[in-house]
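> First the structure, which I've put down as C-alpha cells, then a few questions once you've had a look.
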Amino acid sequence: MKVCYRVSRQPVADQEEVDLANSEDPMARMGQGFCPPFNQRTYEAAPGIICEQDQEVVMRDGTKIYCDIYRPVTEEKIPAIVSWSWFGKRPGDGMSEWQIMGVPPKTVSNCAKFESPDPLYWCHQGYAVANVDVRGAGHSEGNVHMFTHQDREDGYDFVEWLAAREWCNGKVGMSGNSGVAMHQWGIAAEQPPHLACIAPWESTTDLYRESLFEGGIPALSFNEFIAAQVTGPNGTDDQVAMARMYPFENAYWRDKMPDFSKVRIPVYQTAGWSHFHLPGSFNAWRRCKSRLKWMRAHRDFEWPDTYQPENLEDLKRFYDRYLKDIHNGWEMTPRVRLDVMDAYDCDYQDRRAEKTFPLQRTEYRKLYFDPASVTLKDAPVADASKASYDPDSGQLEFDYVFDEDTEITGYINLHLFVSCDGYDDMDMFVNIQKASADGEWIPWYTLDEPHPGAWGKCRVSRRKLDEKLSKRHIPVLANESEEKLKNGEIVPVDIAIVPSSRVWHKGERLRVQIAGRYIREGWFEPLAWDTDNHGTHNVHGGGEYESWIEIPVIPPRYQAGDYVVR
C-alpha cells in the first residue's frame with residue numbers, strides 16, 4: 001500500500017533557549033517537538049537522582065533509538081515507567097518556562113516529557129522513568145510511524161531491553177496521557193513478557209473514527225498541527241495526506257487499531273467527559289480482556305487531572321501493587337469511579353463508585369422529536385412535521401422539561417429522519433445540553449471555559465452502519481462508502497453521542513442542539529472540520545417519521561420519600 005511521509009522538523013544543534021513566559025500561543029508553552037542537542041552522558045539531574053541521557057537502544061531490525069533514563073541512586077532493584085511518544089524527551093530542557101495549561105508553573109519539573117510522568121516525583125517514590133524518542137523522533141533513526149505495527153513492535157523491544165537493565169527488578173509499566181496514553185494499548189497488545197501494567201490516561205484508540213473522521217466528517221487541521229510538531233531526522237507518517245488519499249476505512253487505518261482482546265495485564269484508564277479522547281478511552285477499557293481493569297471518569301481537562309496530588313497518589317498505589325508487588329489493598333478500589341456533573345465547575349457527585357459501565361441499573365427512555373413545537377415528547381407524535389435551519393449560521397434546539405431530578409449516565413443515541421433542500425449531503429453536529437427552567441443554557445466548565453455538552457456528529461452520506469461493530473445504544477458508522485442524498489429525500493440516520501454523566505434538577509431542560517457546525521467559541525486547540533454543507537437542512541418527526549433520542553436514566557440506589565441516595 002502506498003504510504004505518504006512528510007519531512008519532519010529537523011533537530012537544530014545549537015538551539016537557543018526559548019522564552020515562553022509571555023507567549024500568546026498556549027500550545028507553544030507545552031514544548032511539543034523540542035529537541036536539545038545530542039549529548040550522551042550520565043549526570044545528576046537532582047540530588048539523589050541520576051539521568052542516563054541519550055542512551056542507545058537497538059530495535060530488532062537494527063534501527064537505533066534514544067532515551068533518557070532517570071533513576072534514584074540506590075542499591076535496590078527498582079521498576080521502570082515508560083513514556084513512549086514522539087513529543088520530545090526533554091521539552092523543558094533549554095526553556096525559560098516549562099508550563100502546561102491548567103497546571104501552575106513549577107508543578108512539573110523540566111525533566112518531564114510532555115503529557116508524561118515527572119521523574120522528579122516518581123524517582124523519589126522508588127521508580128525509574130524512561131523518556132523515549134521513538135523511531136524517527138529527536139535523534140532516533142528511521143521514520144515516525146504513528147501507532148502502526150512498527151511502533152508496537154518497537155515498544156515491545158524497548159520494554160524487554162529496559163527490563164534487562166542491571167538496576168531493574170524486571171517489571172515495567174507505562175504512563176502518560178493523551179498521545180502518550182494512546183501508544184500504550186498497542187504495545188500492551190503485543191504482550192511483551194515484562195510489561196506488568198499500563199495507565200493510559202485519556203486515549204483515542206480508533207484514529208479514523210474518533211479523530212480524523214468522527215461521524216464521517218473530515219477533521220484534518222488538528223492532526224496537521226500534531227504532525228507539524230514532530231522533530232526528527234527523516235520523515236513522519238502523514239496521516240492528513242493519507243486521509244485525503246484514503247477517505248474511507250481500509251488496511252492503513254486498521255493497522256493503527258490495537259487488538260484489545262490481547263491486553264490481559266492490569267489497566268488503570270481514565271476518561272475526561274470534556275475531551276475528544278473520551279470515546280476511545282471507554283471503548284478500549286470495555287473491550288480489553290484484562291480481569292484487572294479500572295476506570296475513573298472526570299470533568300476536568302487531562303493535564304490538570306494528571307498532576308493533581310490525589311491522582312498521583314492514586315496512581316502510585318496502582319504501580320506499587322503491580323510493579324513492586326506491595327499488597328496495599330488496591331484491589332478494593334472500585335472498578336469504576338464517576339464524577340457526575342451538574343453545572344459550571346460544580347459536580348453533583350465525585351468519584352462515585354460503580355461496578356460496571358454502562359451501569360447495570362440503567363433504564364433507557366426514548367423522547368420523541370416534535371418539529372412543529374421544537375420540543376421533545378414522552379410519547380410518539382401523531383402528526384408529521386419538519387423544522388429547518390441554515391447549516392452555516394442556524395441551529396435547532398429541542399427541549400424537554402424534567403418533572404423530577406434525573407440523572408443521565410451512559411451512552412445516548414439519536415434516530416433522526418432528515419433531508420436537505422438544494423444539496424446532496426449534510427454534516428450534522430449534535431450537543432446534549434442542560435438549560436434552566438427559563439431556557440438559559442447551563443454549561444459545565446473545563447479549564448474555566450464553558451463546554452458545549454456531550455456531542456455526536458454525522459455526515460449523512462455515510463449513514464450506513466457497521467452491523468458488526470454497532471451495539472445496542474451505540475451505532476457505529478461503516479465508513480466504507482457514501483450514498484448522496486437526492487434533493488428533498490428523507491432518510492433515517494443514527495447518531496452516537498459520547499458517554500457522559502450529568503444530573504438535571506426538577507424543572508431544568510434537556511436540550512438537543514443540532515447544527516451544521518460545532519458550536520464552541522474560544523477553545524485553544526486548533527479543532528476544525530471540513531464540512532460540506534449547503535442548502536437548507538430539515539429534521540422530520542411525527543407520524544411515519546418517528547425521530548427520537550434514547551437517554552440512559554439512572555434511578556436512585558435507594559429512595560424513601562424525599563430522601564434519595566444515588
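The values are calculated or read from the model by the stated rules, or taken from the named source; none is laboratory data. The structure displayed is predicted, hence computed values, not measured ones. Backbone-built Cβ (ideal geometry, glycine too); neighbour counts: all protein chains shown.
> Answer yes if at least one residue in the range 377-386 is in a strand (DSSP E or B) and either more than 27 Å from Arg557 (Cα to Cα) or touching a helix residue (DSSP H, G or I) at 6+ places or on another chain (Cβ under 8 Å) (or both), and no otherwise.
yes
> Here's something else I'd like to know. Would you call Pro91 in contact with a helix residue (DSSP H, G or I) (Cβ under 9 Å, 6 or more places away or on another chain), of a type outside the set (Ser, Thr, Tyr) and assigned to a loop (DSSP other than H, G, I, E, B)?
yes
> Applying the selection to the range 471-499, what residues are touching a Pro at 6+ places or on another chain (Cβ under 9 Å) and small (Gly, Ala, Ser)?
Across the range 471-499, the qualifying residue is only Ala496.
> Looking only at residues that are over 24 Å from the mean Cα position of the chain (by Cα) and among the hydroxyl-bearing types (Ser, Thr, Tyr) in the range 61-119, which one is surrounded by the most Cβ atoms within 10 Å (Cβ to Cβ)?
The residue in question is Tyr70.
> Separate question: Based on this model, can you work out whether Lys256 counts as assigned by TED's automatic domain parsing to the domain that holds Ile100, under 15 Å from Gln184 (Cα atoms), touching a Phe, Trp or Tyr at 6+ places or on another chain (Cβ under 8 Å) and not aliphatic (A, V, I, L, M)?
Considered against the rule, which asks whether it is assigned by TED's automatic domain parsing to the domain that holds Ile100, under 15 Å from Gln184 (Cα atoms), touching a Phe, Trp or Tyr at 6+ places or on another chain (Cβ under 8 Å) and not aliphatic (A, V, I, L, M), Lys256 comes out as yes.
> Return the residue satisfying two criteria in turn: it lies in the range 378-406 and is over 35 Å from the mean Cα position of the chain (by Cα) and surrounded by 11 or more Cβ atoms within 10 Å (Cβ to Cβ), and of such residues it is nearest to Arg365 (Cα to Cα).
Pro380
> Hey, does the range 253-266 have a residue that's surrounded by fewer than 22 Cβ atoms within 10 Å (Cβ to Cβ), in contact with a Cys (Cβ under 7 Å, 6 or more places away or on another chain), within 29 Å of Lys171 (Cα to Cα) and β-branched (Val, Ile, Thr)?
yes
> How about the range 457-474: which of its residues are surrounded by fewer than 17 Cβ atoms within 10 Å (Cβ to Cβ) and of a type in the set (Gly, Ala, Ser)?
Ser470
> Another one. Within the range 447-493, take every residue that is acidic (Asp, Glu) and in a loop (DSSP other than H, G, I, E, B) and give me the one that is farthest from Ala515 (Cα to Cα).
Among those that are acidic (Asp, Glu) and in a loop (DSSP other than H, G, I, E, B), it is Glu467.
> With (1) within 21 Å of Gly179 (Cα to Cα); (2) assigned to a strand (DSSP E or B); (3) of a type in the set (Lys, Arg) as the list, and Lys113 as the residue in question, which single condition is left unmet?
(2)
> I'd like to know if the range 526-537 contains one or more residues that are assigned to a strand (DSSP E or B) and within 20 Å of the chain's Cα centre (by Cα).
Scanning the range 526-537 turns up no residue that is assigned to a strand (DSSP E or B) and within 20 Å of the chain's Cα centre (by Cα).
> If you take the residues of the range 148-157 that are touching an Asp or Glu at 6+ places or on another chain (Cβ under 8 Å) and not acidic (Asp, Glu), which of them is surrounded by the most Cβ atoms within 10 Å (Cβ to Cβ)?
Checking each candidate, the answer is Gly155.
> If only one of Leu212, Leu162 is under 17 Å from the mean Cα position of the chain (by Cα) and either under 30 Å from Lys484 (Cα atoms) or crowded, with 24+ Cβ neighbours inside 10 Å (or both), which one is it?
It is Leu212.
> Could I ask something else about it? Test of understanding: among Ser290, Ser274, which residue is surrounded by 21 or more Cβ atoms within 10 Å (Cβ to Cβ), in a loop (DSSP other than H, G, I, E, B) and among the hydroxyl-bearing types (Ser, Thr, Tyr)?
Result: Ser274 is the single residue among Ser290, Ser274 that is surrounded by 21 or more Cβ atoms within 10 Å (Cβ to Cβ), in a loop (DSSP other than H, G, I, E, B) and among the hydroxyl-bearing types (Ser, Thr, Tyr).
> Quick one: how many residues across the range 418-432 are buried (at least 22 other Cβ atoms within 10 Å of the Cβ) and either in a strand (DSSP E or B) or modelled with pLDDT under 95 (or both)?
Total satisfying the criteria: 9.
> Could you grab me the full set of residues in the range 494-518 that are assigned to a loop (DSSP other than H, G, I, E, B) and surrounded by 14 or more Cβ atoms within 10 Å (Cβ to Cβ)?
His505, Glu508, Gly516, Arg517, Tyr518
> Scan the range 24-44 and give yes if some residue there is closer than 30 Å to Tyr322 by Cβ and modelled with pLDDT of 95 or more, otherwise no.
Yes, the range 24-44 contains at least one residue that is closer than 30 Å to Tyr322 by Cβ and modelled with pLDDT of 95 or more.
> State all residues of the range 407-427 that are hydrophobic (A, V, I, L, M, F, W, C) and within 28 Å of the chain's Cα centre (by Cα); if no residue qualifies, say none.
Ile408, Ile412, Leu414, Leu416, Met426
> Of all residues in the range 417-441, which are more than 23 Å from Trp529 (Cβ to Cβ) and acidic (Asp, Glu)?
Asp438, Glu440
> Any idea which of Trp523, Trp548 is aromatic (Phe, Trp, Tyr) and in contact with a Leu (Cβ under 8 Å, 6 or more places away or on another chain)?
Step by step, each of Trp523, Trp548 is checked, and only Trp548 is aromatic (Phe, Trp, Tyr) and in contact with a Leu (Cβ under 8 Å, 6 or more places away or on another chain).
> Hey, any hits in the range 149-166 for a residue that's assigned to a helix (DSSP H, G or I), aromatic (Phe, Trp, Tyr) and without any contact (Cβ under 8 Å) to a residue 60 or more places away in the chain?
Within the range 149-166, one or more residues are assigned to a helix (DSSP H, G or I), aromatic (Phe, Trp, Tyr) and without any contact (Cβ under 8 Å) to a residue 60 or more places away in the chain.
> May I pose another question? Within the range 539-549, how many residues are more than 19 Å from Arg365 (Cα to Cα) and surrounded by fewer than 20 Cβ atoms within 10 Å (Cβ to Cβ)?
Result for the range 539-549: 2.
> Counting residues that are at pLDDT below 95, which helices (runs of 4 or more DSSP H) fully inside the range 170-252 reach at least 3?
Per the criteria, 221-229.
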